[in-house]
Amino acid sequence: MKNIIYLILMVTISGVITPQEFKKNATSGFTFLTIPVTARTAGLSESSIALSDNGSSSVFVNPAGLGFSEGAHSLALSYASYIAEINHYAFSYSFSSDIGVVAVGMMQMDFGEMSRTVKSSGQKFFEENGKFGASGTAIFAGYSRRLTDKFAFGLAVKYVNESIDSYSADNFLLDGGVLYYTGLSSLRIAATINNFGTDSKYLNDPFKMPSSIRLGAASEVYGSMESDLRVTLIAEAVHPNDGDERLNTGVEIGYNKMFFLRGGYKFFYDEESYSLGIGFNSDFSQTISADFSYADYGRLGGTLRFSLQYGL
């Protein structure tokens, strides 16, 4: 199965090198950056940029959300068993200061080992000649400040690297976002730009970054964030530079601030569709939360994610 990943990576790179003018698909590299990091985000079908209570995980979603952090410290860990035996890991930490909220984070996608083959001398077949690996890594540094009780902005700079065997490419990219409570009931709106940066290249073959613009909104249609029972509806429009426009929707039901049910659906995707998730929060002075999610990828199967967050 892991040979499939090598094929996908090669097709992606070749599509970047010789793109067709009438189609944007497969025209960017570092596509591991577009995969959701946390179980909560995945359970809501990636419609979470308008949520202000993501803690340190906001550095991966919308750095403006860091500005609404209630605690002094936040620590989060995530793991996903992705398609084709790929493993996805993430870590983030944030702390509040007098000048704003500062965060650091790291995510890594391990594509595993694959067989290296060489053509046998004088033969028409290939034989195995050792193994090689592939991986993608991103290191984040984020900052957010809440200018009023309703508005915050945030920025995140990240170093990204992707390697295949002895070949690698890296770059520095920028994420930016805003989050605003409109004052119309509990409605908040948000906007982000992700993976903005110059082109990178493998050897001498350049490719562009998987940048995107997202616009999102969220509101409680029943109860409020402080209620024993609440229902939050979320919608998010995505404009990627390497594909068609998409729409993500989600709903989160919270009970007593301790138990959560989540679901979502993605529109205008080739394979991805629905997602489900659950969450648990401790009722202690030091908040501990655990989230689980399942996302359907159609013919590629489903993915499971687990996230753990600690707040002080």
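The values are calculated or read from the model by the stated rules, or taken from the named source; none is laboratory data. In this text the structure is predicted, and so the values were computed from the model without any measurement. Cβ atoms come from the backbone with ideal geometry, glycine included; neighbour counts cover every protein chain shown.
Within the group Gly250, Gly254, which residue is modelled with pLDDT of 95 or more, crowded, with 20+ Cβ neighbours inside 10 Å and more than 17 Å from the chain's Cα centre (by Cα)?
Numbers: Gly250 fails: more than 17 Å from the chain's Cα centre (by Cα).
Unique residue meeting the criteria: Gly254.
What residue, among those in the range 270-280 that are over 17 Å from the mean Cα position of the chain (by Cα) and at pLDDT 95 or above, is nearest to Gly243 (Cα to Cα)?
Taking the range 270-280 as the starting set, the residues that turn out to be over 17 Å from the mean Cα position of the chain (by Cα) are 270-271, 278-280.
Right, trim to at pLDDT 95 or above and you get 278-280.
On the way: Ile278: 30, Gly279: 32, Phe280: 35 Å.
My answer is Ile278.
Any idea which of (1) assigned to a strand (DSSP E or B); (2) free of Cβ contacts under 8 Å to residues at least 40 places away in the same chain; (3) of a type in the set (Gly, Ala, Ser) is the one Gly154 doesn't satisfy?
(2)
Might you check whether a residue that is over 30 Å from Thr27 (Cα atoms), of a type in the set (Phe, Trp, Tyr) and modelled with pLDDT under 95 occurs anywhere in the range 281-301? Full working, then the answer.
Of all residues in the range 281-301, those over 30 Å from Thr27 (Cα atoms) come to 281-292.
This time we only want the ones that are of a type in the set (Phe, Trp, Tyr), so: 284, 292.
Next, from what is left, pick out any that are modelled with pLDDT under 95: 284.
Taking every residue of the range 281-301 in turn, at least one turns out to be over 30 Å from Thr27 (Cα atoms), of a type in the set (Phe, Trp, Tyr) and modelled with pLDDT under 95.
Among the residues of the range 164-197, count how many are modelled with pLDDT under 95 and crowded, with 17+ Cβ neighbours inside 10 Å.
Total satisfying the criteria: 1.
Just checking, how many residues over the range 242-257 are part of a loop (DSSP other than H, G, I, E, B), acidic (Asp, Glu) and in contact (Cβ under 8 Å) with a residue 40 or more places away in the chain? Walk me through it before giving the result.
Let us first name the residues in the range 242-257 that are part of a loop (DSSP other than H, G, I, E, B), namely 242-245, 256-257.
Checking which are acidic (Asp, Glu) leaves us with 242, 244-245.
Remaining after also requiring in contact (Cβ under 8 Å) with a residue 40 or more places away in the chain: 242, 244.
Number satisfying all stated conditions: 2.
In the range 157-167, how many residues are of a type outside the set (Gly, Ala, Ser), at negative phi and either touching a residue at least 60 places away in the same chain (Cβ under 8 Å) or not in a strand (DSSP E or B) (or both)? Can you show your working first?
Filtering the range 157-167 down to residues of a type outside the set (Gly, Ala, Ser) leaves 157-162, 164-165, 167.
Keeping just the survivors that are at negative phi gives 157-162, 164, 167.
Those left that are additionally either touching a residue at least 60 places away in the same chain (Cβ under 8 Å) or not in a strand (DSSP E or B) (or both): 160, 162, 164.
Within the range 157-167, residues that are of a type outside the set (Gly, Ala, Ser), at negative phi and either touching a residue at least 60 places away in the same chain (Cβ under 8 Å) or not in a strand (DSSP E or B) (or both) number 3.
Any residue in the range 123-145 that is touching a residue at least 12 places away in the same chain (Cβ under 8 Å) sitting within a Cβ distance under 7 Å of a residue that is among the hydrophobic types (A, V, I, L, M, F, W, C) and surrounded by fewer than 15 Cβ atoms within 10 Å (Cβ to Cβ)? List the pairs, counting only those 6 or more apart or interchain.
Final answer for the pair search is Asn129/Val118.
Quick one: which of Glu70, Glu127 is within 28 Å of Ala217 (Cα to Cα) and modelled with pLDDT under 90? I'd like the intermediate steps shown before the answer.
On the way: Glu127 fails: within 28 Å of Ala217 (Cα to Cα).
Step by step, each of Glu70, Glu127 is checked, and only Glu70 is within 28 Å of Ala217 (Cα to Cα) and modelled with pLDDT under 90.
Right, Met109: assigned to a strand (DSSP E or B) and touching a Lys or Arg at 6+ places or on another chain (Cβ under 8 Å) or not? So that I can check it myself, show each step before the final result.
Details: assigned to a strand (DSSP E or B): yes; touching a Lys or Arg at 6+ places or on another chain (Cβ under 8 Å): no.
No; evaluated as a whole, the condition is false for this residue.
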